[in-house]
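Working notes, structure below.
The values are calculated or read from the model by the stated rules, or taken from the named source; none is laboratory data. Every value quoted in this text rests on a predicted model; they were computed, and no experiment measured them. Here the Cβ is made from the backbone with ideal geometry for all residues, glycine too, and neighbour counts use every protein chain on show. Side chains included, ligands, DNA and RNA excluded: accessible areas come from the protein's heavy atoms. Shrake-Rupley method; radii C 1.70, N 1.55, O 1.52, S 1.80 Å.
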Amino acid sequence: MSGYAEKYIPAFREVCYEFASSGISTNKPSLCIGRLIFVKSIVLAPIRQLNMLVYGALGFAIVAVSLFGLALSRVISNPIDALTAATLRIKEGDLQYRLPVQGRDEIGMLSDTFNHMVEMINQKIDELEYTNRRLTQLDKLKDEFLANVTH
């Protein structure tokens, strides 16, 4: 028969694990084949150390992943923030501002498209100003023509 038991052993002044194994013979009384006694705190010390190591590694991993996530979010959000700031500058009337294109990713393509859109707006404004000047000249010519015809 084999097994273990937790026992307080006064000699150790602690709870111990007692492992005993005995052989059973059919005609003879049972003999103790082996008995081992281990102090519970000593047996569990490596498990406690392993628990501390696992908790420490888990805490470090959580901090590392959090910092990595924060850094990655900044890498992703900084170009979007720059694009938003450029949009606000254009909205306030700074039509000469160009957004620096920093990469060939989606945000870089969006920045390039944004700059192209601003150039198109400036071109249309120039065309409208030219058309407006031309219409003003034609209006003056019309007024002169009508003044000459009526006299």
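If you wrap the tightest convex hull around every Cα atom of the chain and split its volume per residue, you get 235 Å³.
In the chain, taking the dipole from charged Cβ atoms about the Cα centre, the farthest positive-side position among Val149, Val54, Ser41 is held by Ser41. Here the Kirkwood formula puts the hydrodynamic radius of region 54-142 at 16.8 Å, using every distinct Cα pair.
Estimated from helical segments only, the mean residue ellipticity of the chain at 222 nm is -24000 deg cm²/dmol, where each DSSP H run of four or more residues counts as -39500 (n - 2.57). Note that the chain presents 82 Å² accessible area per residue, ligands and nucleic acids not counted, probe 1.4 Å. Relative to the longest principal axis of the Cα atoms of the chain, helix 40-91 runs at roughly 0 degrees. Amide H to amide H, with H built 1.01 Å from N, Cys16 comes under 5 Å of Lys7, Tyr8, Ile9, Lys40, counting only residues 5 or more places away or on other chains. For the chain, the fraction of 1.4 Å probe accessible surface lying on carbon and sulfur atoms is 65 percent. Only lysine pairs 8 or more places apart, or on different chains, with alpha-carbon atoms under 30 angstrom apart are counted in the chain, and they number 5.
Relative to the first principal axis of the alpha-carbon coordinates of the chain, what is the inclination of helix 106-150, with its axis defined by its Cα atoms, in degrees from 0 to 90 and to the nearest 10? Approximately 20 degrees, to the nearest 10. Computed about its Cα centre, the charge dipole of region 50-151 is approximately 180 debye, with only Lys, Arg, Asp and Glu carrying charge at their Cβ.
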